[in-house]
Amino acid sequence: MTQSIDFEQWAELVKNRRSVRAFLPQPVPQSILEAVFDAANWAPSNCNTQPWQVHIASGESAEQLKRGLSNAMQQGEFSMDYPYMGQYEGVQKERQYAAAAALYQAMGIERSDKAARQQAFMNNFDFFGAPHAAFFFIQAGDLREAADLGMYAQTLMLSMAAQGIASCPQTALSFHCDLVREVLNIPAEQKLLFGMSFGYPDPSAAANQINIERASLSENTFFH
């Protein structure tokens, strides 16, 4: 039986969750990690298949991945289980550009400063300074499993937000799937879809001073 909770508080939690791009080095206690990931396991999935496999890197494994992923990017090496185009059209492209412009403006990076933009992108592979990163795998390649994983990830991020933990889901952390599997000793049949840096946010960081607006309800929700 679904229990009623304070909707205003819940809506505030949902709306205040955002992708954070600067973290404090302080690790999240293991007990809290286990609590938020256990809560996420109650996310819905097709026929209750729960097709996700989630691997969390902390401590030395996180540091090893930071070094390895950064080096692989600098060497131009890629290995991806799923193709990534990153091409958008129409209003989605406008939203993408607007979000990027707002982020770079907050960080004081000019559009013409390619070096600074590249360094901002490379921060993905340092987990934006976060002490933890989660890597999300599915065993099958069907779109339904990917949708299930998306529902799991949103449940996880909201569970984290309820505990004061910030997060940033990142396609970039799937660019070197073979390296991630090697460092974390993950079987080849598990396929990496994306990753997520998480930890306690750095409130003083310029990158964390923005909150990107969302489309109005009438733009993408239709009541028939």
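Close Lys pairs in the chain (alpha-carbon distance under 23 Å; sequence gap of 8 or more, or different chains): 4. Taking every alpha-carbon pair under 8 Å whose residues sit at least 6 apart, the chain reaches a relative contact order of 38 percent. What whole-number distance in Å separates the alpha-carbon centres of region 22-44 and region 68-136? Going from one Cα centre to the other spans 24 Å. For log10 I(q)/I(0) by the Debye sum over Cα atoms at q = 0.11, 0.12, 0.13 Å⁻¹, the value calculated from this model appears in (1) -0.60, -0.72, -0.85; (2) -0.48, -0.58, -0.69; (3) -0.55, -0.66, -0.78 under label (1). Solvent-accessible surface of the chain, averaged per residue with a 1.4 angstrom probe and all protein chains in place: 60 square angstrom. Taking the Cα centre of the chain as origin and assigning +1 to Lys and Arg Cβ atoms and -1 to Asp and Glu Cβ atoms, the resulting dipole is close to 440 debye.
Rg to Rh for region 150-224: what is it, with Cα atoms only and Rh by Kirkwood?
1.07
With a simple spin-label model that places each label point 7 Å from the Cα along the Cα-to-Cβ direction, the separation between Ser79 and Asn185 comes to 1.8 nm.
Calculate, in whole percent, how much of the Cα-Cα pair population of region 43-154 lies beyond 22 Å. Looking at region 43-154, the distances longer than 22 Å represent 54 percent of pairs.
Nonpolar atom fraction for region 129-224, defined as the carbon and sulfur part of the 1.4 Å probe accessible area, stands at 54 percent.
Taking a quarter of the surface of the Cα convex hull of region 16-88 gives a mean projected area of 8.2 nm². Taking packing as the residue-averaged number of other Cβ atoms within 10 angstrom, the listed peptides 42-54, 155-167 run from highest to lowest as 155-167, 42-54.
The values are calculated or read from the model by the stated rules, or taken from the named source; none is laboratory data. If you're wondering where the values come from, they're calculated on a predicted model, not measured in any experiment. Neighbour counts are summed over all protein chains in view; Cβ atoms, including those assigned to glycine, are modelled from backbone coordinates with ideal geometry. When the accessible area is computed, the model is the full protein with side chains, heavy atoms only, and any ligands, DNA or RNA have been set aside. Shrake-Rupley method; radii C 1.70, N 1.55, O 1.52, S 1.80 Å.
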